[in-house]
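Chemist: Here you go, one structure.
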Amino acid sequence: MMSDILQFSRSAAARSSMGRASAMGIAACLTLIAVPAAAHVTIAPKGVKAGQVSTFVLKIPHGCAGAATTGLRVAVPGILSDIEPQEKAGWTAAVTPATGGAGVGAKPAQIAWTGGSIASANHAEFAFKAKVAADAKGRIYVPIVQQCGDAVERWIEIPASPAAGEPDKPAPAFEVKP
C-alpha cells in the first residue's frame, strides 16, 4: 500500500513537471512566433481619414544583418499628396515628385533620408506629413527600402490577397477610413 502511494506521488510529480515543461515550451514557441512580427518596419497611425492631412511615422526596428541603418527610401503611394518629411537630427530628407502621370505606368513619389547613421541594435522613427486623397479607401501599402551601408532590407512585399499570410518582408500598411 505504501509503495502504491509513493508510486502515485512520483507519477503526479512527474506529470506536474511535464505540464510545466510543456507550458514553458509553448510559451517559448509563441515568443519566437511573435518576435519576427515585431521586427518588421511599421507605420502609424494604422487608420486615417480620407481627405485629411496626417502625420505618418515609420518605425524601423533594427539595422540590416548587423549593419547600421544609413538611409531610407519610401515609395509614397499616389493617394498621398503635399508630402512633407519631418526633420530628423543628422539626416537630410529629399522628396522626389511622382512622374509618369496616373495609373499603372506612374512612378510614385519618393522620400529619401540620407546622411545619418543608426546602430543596428537601435530602432529609429522617420516621420512625414501628407494629405490623403478624398476618394481614397481601403488598405494602403507603403514600400520601404532600408539602406545599411552596402546591405539593404526591402520592406516591399504586399500580400497576394487578404487571406494570404504575411510575407517575409512586408511593406508597412495603413487603412483609409471614410
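The values are calculated or read from the model by the stated rules, or taken from the named source; none is laboratory data. Note that this is a predicted model, so its numbers are computed, not measured. Backbone-built Cβ (ideal geometry, glycine too); neighbour counts: all protein chains shown. We work out accessible area using only protein heavy atoms, side chains counted, and drop any ligands, DNA or RNA first. Shrake-Rupley method; radii C 1.70, N 1.55, O 1.52, S 1.80 Å.
Chemist: Identify the single condition in (1) under 20 Å from Pro45 (Cα atoms); (2) open to solvent by 30 Å² or more (accessible area, probe 1.4 Å); (3) within 19 Å of the chain's Cα centre (by Cα); (4) not β-branched (Val, Ile, Thr) that Ala164 does not satisfy, given that it satisfies every other one.
Modeler: In the conditions (1) under 20 Å from Pro45 (Cα atoms); (2) open to solvent by 30 Å² or more (accessible area, probe 1.4 Å); (3) within 19 Å of the chain's Cα centre (by Cα); (4) not β-branched (Val, Ile, Thr), Ala164 misses (1) alone.
Chemist: Same structure, new question: Here are the criteria: (1) within 19 Å of Leu58 (Cβ to Cβ); (2) surrounded by 13 or more Cβ atoms within 10 Å (Cβ to Cβ); (3) free of Cβ contacts under 8 Å to residues at least 40 places away in the same chain. Tell me which single one Cys148 does not satisfy.
Modeler: Tallying (1) within 19 Å of Leu58 (Cβ to Cβ); (2) surrounded by 13 or more Cβ atoms within 10 Å (Cβ to Cβ); (3) free of Cβ contacts under 8 Å to residues at least 40 places away in the same chain, Cys148 fails exactly one: (3).
Chemist: Counting just the residues of region 97-115 that are modelled with pLDDT of 95 or more and open to solvent by 60 Å² or more (accessible area, probe 1.4 Å), which one comes out nearest to Val74 (Cα to Cα)?
Modeler: Pass one, region 97-115, residues modelled with pLDDT of 95 or more: 110-115.
From what's left, open to solvent by 60 Å² or more (accessible area, probe 1.4 Å): 110, 114-115.
Values: Gln110: 5, Thr114: 12, Gly115: 15 Å.
Residue satisfying both the conditions and the ranking: Gln110.
Chemist: A further question on this structure: Need pairs with beta-carbon distance below 6 Å; first residue farther than 12 Å from Ala127 by Cα and within region 76-90, second open to solvent by 80 Å² or more (accessible area, probe 1.4 Å) and assigned to a strand (DSSP E or B); sequence gap 6+ or separate chains.
Modeler: From region 76-90, the pairs are Ser81/Lys131; Asp82/Lys131.
Chemist: Let me ask something else. Go through Ala93, Ala163, Ala134, Ala130 for me and flag whichever is in contact (Cβ under 8 Å) with a residue 60 or more places away in the chain, farther than 13 Å from Pro77 by Cβ and not hydroxyl-bearing (Ser, Thr, Tyr).
Modeler: Numbers: Ala93 fails: in contact (Cβ under 8 Å) with a residue 60 or more places away in the chain; Ala163 fails: in contact (Cβ under 8 Å) with a residue 60 or more places away in the chain; Ala130 fails: farther than 13 Å from Pro77 by Cβ.
So the residue among Ala93, Ala163, Ala134, Ala130 that is in contact (Cβ under 8 Å) with a residue 60 or more places away in the chain, farther than 13 Å from Pro77 by Cβ and not hydroxyl-bearing (Ser, Thr, Tyr) is Ala134.
Chemist: Among the numbered criteria (1) under 23 Å from Val48 (Cβ atoms); (2) free of Cβ contacts under 8 Å to residues at least 12 places away in the same chain, which single criterion is violated by Arg139?
Modeler: (2)
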